Each structure stands twice: as C-alpha cells, then as structure tokens.
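**Q** Here it is, the structure, as structure tokens.
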Amino acid sequence: MSTFNSDRKSDFDLEIVLHAFQRCLREDRTLMLQEYVTAYHELCRFFKLTGPLFAFVARDLESKIKAVEYHLHADHGSEYKSLQSMVVFEVKHGTTHTKGSHPSGCRMFLRLHFALEFILSFMKRVMVGDENEKMSKLAWEVYVKTLYKHHPWLTRKLAAIAVYALPSKKHLIDVLCKQDYNRVLDLLAQVVDSGQPVYDVAEEVLAANSLLNIP
C-alpha cells in the first residue's frame, strides 16, 4: 500500500491559485481560459506533491490542461481567449465532441470543470474540519458526491486506494503547503470565494449549450 509522502516540506502555493481565480472572471462574467489554466497548473502540483498516491489524478489533469493549451496557442487561439468564445467557435464548427490527438477544448474543459467541483468541495470541508481529522474519510465522502459519477470502475478503485493513506488535516497542510497552517486556512476561504463563481459561470455556459454530457 502506498503511503503519504511526508519526507520533506513542499511548496504548493495557494496564492497562485487565488490570484489566477481572481483574474479569471471579468466584470461581464467572461471566463478567461489562460487564467483558468494557470490556476489548474498549481492545483495539479498539489496532487503531484502527495507522491505516488494521486499520480493518476495529476496525469489525468495534465493531459486535459495540455489539450486546452494546444488550442490556446494554435493558429485559431484567438477563438479560445475565453470559455464563451471557445464554445461559440466549437459549436459553430461542430467540433465540441471531437476526440483523437487534439480533442475539443469543450470536451477537455468539461473534465477540468468536473474536477473543480471536487477540489472546491474538498477545500470547503477542510476549512471547517478539526485539525486532527483524517483527510481520507473526508476526501472519499467528497469524491463520492462529485467525481465518482463521472469515473469508470477502475478509476474509482484507484481513488479509494489513494485517499486511504491521506494524513490528518494539519499534517497535510504542514507538509504540502508553502504557507504556514493559519495562513493556509485563510487562503482556502479566499480561494473558495474566488473559485466558486468561476465554477458557477462555467456550469451556466456549458448547460446553456448542452455541453455537460460530452462523452
């Protein structure tokens, strides 16, 4: 059984996530994809820093991030400045469900959107939990309510193994996060306050265009 990697202090930086989410939404509720991806790059590091436990999560997220970045930097990148412009472009060209070597931005964004629901829900639970509470039970409860329904049987089993070895709340924060314990608790609240509107706008845009069930 894999164990949590606590050999050394890591530097997962919630301030990077916070600043990216704060810049992600414009006043007119336009969701900027580059800022969304920037937040996700750091969130992905969180899963990597746990060691082998969540390696499968990190790899999956990275593949989705790279797929979105491909479109951001391609010749048609100007159409991918925001979630809204990406949806308009891909709906117009009938490419929202495209798979293959360069899957559609909408298809990959949807997977990141599903994961963000888990991440924000997990953060909310961590904020209010006791510092000695085991994160394994908490993480599994959040997973079952969010990502579980989107994952195949094998991924569910891997997730069950991964969360089993998570330590207490304080140990997790002390080992993985760049900031000290109390600062992390403050940042978690700010990240949730900034990230939830991002999630909500994305949910509205995807739902309005019937894009919440892309296979």
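Values in this text are rule-based calculations from the coordinates and carry no lab data. Computed from a predicted structure; not experimentally measured. For neighbour counting, all protein chains shown are included, and Cβ atoms are generated from backbone atoms with ideal geometry for every residue, glycine included.
**Q** Among 125-137, 75-87, how do they line up from the highest to the lowest mean number of other beta-carbon atoms within 10 Å?
**A** Final packing ranking: 75-87, 125-137.
**Q** Work out the length of the dipole vector of the chain about its Cα centre, built from +1 on the beta-carbon of each Lys and Arg and -1 on the beta-carbon of each Asp and Glu, and round it to the nearest 20 debye.
**A** 740 debye
**Q** So if we plug the beta-carbon distance of Arg29 and Ser63 into 1/(1 + (r/R0)^6) with R0 = 35 Å, what FRET efficiency do we get, rounded to 0.05?
**A** Computed FRET efficiency for Arg29 and Ser63: 0.80.
**Q** For segment 122-138, just list the computed ³J(HN,Hα) in residue order, Karplus coefficients 6.51, -1.76 and 1.60, θ = phi - 60°, integers in Hz, with x standing in for Gly and Pro.
**A** The phi angles translate into 5, 4, 4, 5, 4, 4, 9, x, 5, 5, 9, 5, 5, 6, 4, 5, 4 Hz.
**Q** The chain: Rg/Rh from Cα coordinates, Kirkwood Rh?
**A** In the chain, Rg relative to Rh is 0.97.
**Q** Given the options Leu188, Tyr143, Ala159, identify the residue whose Cα lies farthest towards the positive end of the charge dipole of the chain (+1 on Cβ of Lys, Arg; -1 on Cβ of Asp, Glu).
**A** The residue sitting farthest along the positive end of the dipole is Ala159.
**Q** Note down the magnitude of the dipole of segment 110-201 about its Cα centre, charges +1 on Lys and Arg C-beta and -1 on Asp and Glu C-beta and zero elsewhere, to the nearest 20 debye.
**A** Rounded to the nearest 20 debye, it is 440 debye.
**Q** While we're on this one: Identify the residues of segment 7-42 with backbone N under 17 Å of a label point that sits 7 angstrom from the Cα of Asp193 along the Cα-to-Cβ direction, or state none.
**A** 14-25
**Q** Let me check I've understood the local charge: for Gly105, count other residues with C-beta under 12 angstrom from its C-beta, Lys and Arg +1, Asp and Glu -1. What total comes out?
**A** +2
**Q** With labels modelled as points extended 7 Å from the Cα through the Cβ direction, what inter-label distance (nm, one decimal) is found for Ser101 paired with Leu212?
**A** 3.5 nm
**Q** What lysines could a cross-link reach from Lys169, if we take a straight Cα to Cα line under 21 Å and drop same-chain neighbours fewer than 8 places away?
**A** Answer for Lys169, where 21 Å is the Cα cut-off: Lys9, Lys48, Lys124, Lys134, Lys137, Lys145, Lys178, listed by chain and number.
**Q** Then there is this: Could you sort the peptides 139-148, 103-112 by per-residue average Cβ neighbour count (10 Å cutoff), highest mean leading?
**A** Top to bottom by mean Cβ count within 10 Å: 103-112, 139-148.
**Q** Want the number for His41 to Tyr70: 0.36 nm per residue separation, take away the alpha-carbon distance, what's left?
**A** Extra length available between His41 and Tyr70 comes to 9.0 nm.
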